[in-house]
Amino acid sequence: MCIVNQNIYSEMALSSKHLTYTSSLHDQNLLAMEGLMKMIGVEPNPNFIFKGTSIENERYLIYRFMISIFQLPSDKIIHFSDEQMYRQFCQKYNEDFHPQEWFKTSFYMGSWEDAIDYITQNSLIFQELYFPRNGFQKINMPFLADITTSYQGKPFKKDFREIYSIMEQKGIGKLYHFTDASNIESIKRHGLISNHTLKELNLHVKYSSTQSSREADAKMGLDDFVRLSFVKTHPMLYTAMTSQGIHPVIIEINPLIALMPQVYFSDKNALRTGANIGDAYTDLNKVRFDIVLGSKAYYDLSLEEKRLYQAEILVKERIGPEFILNYQSLI
């Protein structure tokens with residue numbers, strides 16, 4: 001049995017101090033997270049340094065940070081939500097009990113070698129997902145030989161040429177959607193389906209979003225849309241892994257979907273107050289591609305830039321399997 005102490009991650013904790021604020025502790029929506037922090041008595045200052053109203057709040061945040069480091073599901077890693085749980089564990093397994101250590105201590109139920117391997121894998125995933133660099137890869141748009149007015153018999157929007165031109169100029173050759181591996185069989189059969197349509201069809205899936213996020217979607221009239229990202233490594237993927245425990249699979253989508261009717265463009269997370277959402281090329285032009293497709297690392301962006309980085313495409317009801325570029329490789 002191996003003890004995993006907070007000190008192992010001290011450097012990581014310092015480098016991600018502001019991300020502990022801007023990334024979600026419980027929810028993928030930043031406003032919800034801010035509300036949660038107020039609820040537990042924590043007020044972030046403009047420099048992203050926490051001011052806890054009590055030592056218990058500071059311990060809770062460290063405890064949540066410790067949990068967030070471990071994305072790979074394992075029944076061997078043990079965290080403690082309070083002192084009593086930590087004390088009982090130590091008594092059961094004859095481990096030394098250290099008062100006031102529960103919030104920054106975890107145990108790996110295995111050999112030291114296995115623990116190191118597990119920690120290494122999690123650290124690499126942590127760095128890739130929490131601190132993504134160059135999340136966008138420039139790829140040529142699928143070539144429309146004679147710029148027809150439809151794709152596989154489905155008509156394009158009236159301004160499809162303008163939309164195509166923007167996408168081609170920016171090198172957007174793929175769009176992305178992440179999901180849990182358990183959903184792949186359903187996706188290969190039905191395609192990507194909105195939450196509203198899933199309910200109508202009585203299909204059961206493992207969600208990447210939280211219940212509160214889905215409720216917010218419904219309230220905003222967004223629950224009948226499938227969300228797509230311009231970047232493969234999306235910051236919400238990390239949140240889905242930590243809060244929802246998903247085993248992520250990236251679905252690659254043919255960008256020609258953007259030319260279809262009932263497809264909308266949002267210049268930030270569509271739930272965000274002030275998001276510009278529309279289906280015209282002028283709305284696509286409002287996306288800050290200098291931020292979304294830029295080389296600046298996500299954790300170096302300002303809070304407002306992070307919101308703009310999460311620009312998305314919303315597809316009404318369903319994306320058919322014919323638009324999934326990596327359909328054959330999905331398992």
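The values are calculated or read from the model by the stated rules, or taken from the named source; none is laboratory data. Remember, predicted model here, so these are calculated numbers, not experimental data. Quick reminder, even Gly has a Cβ in these numbers, built from the backbone with ideal geometry, and neighbours come from all protein chains shown.
Checking the structure you have, find out if any residue of segment 74-81 is modelled with pLDDT of 85 or more, touching an Asp or Glu at 6+ places or on another chain (Cβ under 8 Å) and either part of a helix (DSSP H, G or I) or not β-branched (V, I, T) (or both).
No - not one qualifying residue is present in segment 74-81.
Give just the number: which of (1) crowded, with 17+ Cβ neighbours inside 10 Å; (2) more than 19 Å from the chain's Cα centre (by Cα); (3) β-branched (V, I, T) does I251 not satisfy?
Among (1) crowded, with 17+ Cβ neighbours inside 10 Å; (2) more than 19 Å from the chain's Cα centre (by Cα); (3) β-branched (V, I, T), the lone unmet condition for I251 is (2).
When you look at E322, is it within 21 Å of the chain's Cα centre (by Cα), at pLDDT below 95 and closer than 24 Å to S208 by Cα, yes or no?
When the stated conditions are applied, E322 does not pass them.
Give the residue that is farthest from S194 (Cα to Cα), with candidates limited to residues of segment 252-309 that are at pLDDT 90 or above and of a type in the set (V, I, T).
The qualifying residue farthest from S194 (Cα to Cα) is I291.
Mind listing whichever residues of segment 88-103 are loosely packed, with under 10 Cβ neighbours inside 10 Å and in contact (Cβ under 8 Å) with a residue 40 or more places away in the chain?
none
Does L256 qualify as being in contact (Cβ under 8 Å) with a residue 12 or more places away in the chain, aliphatic (A, V, I, L, M) and part of a loop (DSSP other than H, G, I, E, B)?
no
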